Amino acid sequence: MPAALASVQGIVVPLAEAKVPALDRGFLFGDAVYEVLRVYGGKSFLEKDHFDRLERSLASIRIRGVDLERIRRRSHELIAAGPFREATVYIQITRGAAANRTHHFPSDATPLEFLFVEEYDDTSKADRRKQGVRVITQPDIRWGRCDIKSVNLLANCLAYQAAVEAGAAEALLLLPDGTITEASHSSFFWVIGDTVYSTPLADNILPGITRKLLVELAHKAKVPFGEGHLKQSDLTRIDELFLSGTTSEVLPVVQVDGQTIGSGKPGPQSRKLLAIYQEEVRRFRDA
């Protein structure tokens, strides 16, 4: 297995040796955005969508002067240097370091471009996709602009830590009225009858790249699809629930807070969309 590699401002080093300035604003303030891409067969999957979202995130927090084509080339070079076949690519761009720590945007900061690539073993997730997973619920205490893929993930980390301590695979996030927004690091879908539903995109919802592809694949496969809001109290009336994400792909949920969902096994629509998704990945590998 190739050792993980990093690129810091274009300089390639082993990931364990990568260093950034102590006054970097990503480190001090979380003043940074990021993306994570899956690599299948040595190629970045859904690359354009990820870079489009990265561009939107940069514009939203007003980090300027970043050449995204250069970032793309650097990611390809890191993948090839491994060479990495099944991997993840992490891209983080911060506002950079300034001479003084100050809350306002410093005029003397140059954006810092940090990437790393490491092998990804999907074995455990593959097993869980067949069996389904248990999740818990946690209060959604994140900031109001979750549509920006920022590195400010403390609330997400606290929710996911609660899931880990409960022996669960994920945490669904709840607003005070019981509405489920998304999960700590996943989008989610639910099924009633044959219809697949997802939460509509908004400022408090990350526009998931895998979510976007699944919606497109559902339409192509003529799977009935709709948008709406699911509340915790609605969990007793749904037939299926599943998560989606860059590394989770399609991950059926069979239990929430100890309550069985549907039959207690991955349902037909979850299995169908997983199969369609994996066929899309196979086509991408073979292209």
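Mean-square fluctuations from a GNM of the chain, with a 10 angstrom spring cutoff on Cα atoms, peak among Ala99, Ala221, Ala171 at Ala99.
Less than 5 angstrom separates the built amide H of Gln255 from those of Val133, Val135, Ile261, all sequence-distant by 5 or more or on a different chain. Label sites at Ala287 and Lys48, each approximated as a point 7 angstrom past Cα along Cα to Cβ, lie 0.8 nm apart. Which angle from 0 to 90°, rounded to the nearest 10, does the C-alpha axis of helix 154-165 make with the longest principal axis of the chain? Computed tilt is about 50 degrees.
For Ile192, the residues 5 or more places off, or on other chains, whose built amide H falls under 5 Å of its own are Tyr197, Asp239. The share of Cα pairs per 10 Å bin across the stretch 1-134, counted from zero up to the longest distance, runs 12, 38, 31, 15, 3, 0 percent. Remark on the stretch 33-104: ratio of C-alpha radius of gyration to 2.2 N^0.38 Å is 1.25. Against the main long axis of the alpha-carbon atoms of the chain, helix 209-220 sits at an angle near 40°. Sequence-ordered 3J(HN,Hα) estimates for the stretch 61-74 from the Karplus curve with 6.51, -1.76 and 1.60 and θ = phi - 60° stand at 9, 6, 8, 10, x, 9, 8, 5, 5, 5, 4, 4, 4, 4 Hz, glycine and proline given as x.
Across the stretch 28-39, coupling constants 3J(HN,Hα) worked out from phi with the 6.51/-1.76/1.60 Karplus curve, θ = phi - 60°, read 7, 10, x, 7, 6, 10, 8, 9, 10, 10, 8, 10 Hz, and Gly and Pro carry x. Across all directions, the average flat footprint of the convex hull enclosing the Cα atoms of the stretch 200-267 is 5.3 nm². Only lysine pairs 8 or more places apart, or on different chains, with alpha-carbon atoms under 20 angstrom apart are counted in the stretch 125-286, and they number 10. Using Cβ contacts closer than 10 Å as the measure, can you line up Lys231, Lys149, Lys212 from fewest to most? The order, fewest Cβ neighbours first, is Lys231, Lys212, Lys149. Counting neighbouring Cβ atoms within 10 Å and putting the fewest first, the residues Asp239, Asp194 line up as Asp194, Asp239.
Would you mind giving the three semi-axes, in whole Å and largest first, of the ellipsoid equivalent to the stretch 1-67 according to its Cα gyration tensor?
Taking √(5λ) for each Cα gyration eigenvalue gives 22, 20, 9 Å.
Pairs of Cα atoms nearer than 8 Å and 6+ residues apart set the relative contact order; for the chain it is 18 percent. Histogrammed with a bin width of 10 Å, the alpha carbon distances of the stretch 98-145 distribute as 15, 18, 26, 24, 17, 1 percent, first bin at zero. For the stretch 82-95, the Karplus equation 6.51 cos²θ - 1.76 cosθ + 1.60, evaluated at θ = phi - 60°, returns couplings of x, x, 9, 9, 10, 7, 10, 10, 10, 10, 10, 10, 9, 5 Hz by residue, with Gly and Pro reported as x.
Per the Cα gyration tensor, the chain maps to an equivalent ellipsoid with semi-axes of 33, 23, 17 Å, ordered largest to smallest. Of all the options Arg101, Arg142, Arg53, the one that moves most in a Gaussian network model of the chain with Cα springs shorter than 10 angstrom is Arg101.
Expressed per residue, the C-alpha convex hull volume of the stretch 72-135 stands at 151 Å³.
Dividing the convex hull volume of the alpha-carbon atoms in the stretch 125-286 by its residue count gives 109 Å³ per residue. Stretched out straight at 0.36 nm per residue, the stretch from Lys222 to Gln9 would grow longer than its current Cα-Cα span by 72.2 nm. Using only Cα atoms, locate the centre of the stretch 81-127 and the centre of the stretch 1-57, then give the distance between them in Å, rounded to an integer. Measuring centre to centre over Cα atoms gives 2 Å.
Rule-based calculations on the coordinates, nothing more; no lab input. Worth saying up front: this structure is predicted, and the values here are computed from it rather than measured. So basically every Cβ, Gly included, is an ideal-geometry build from the backbone, and we count neighbours across all protein chains shown.
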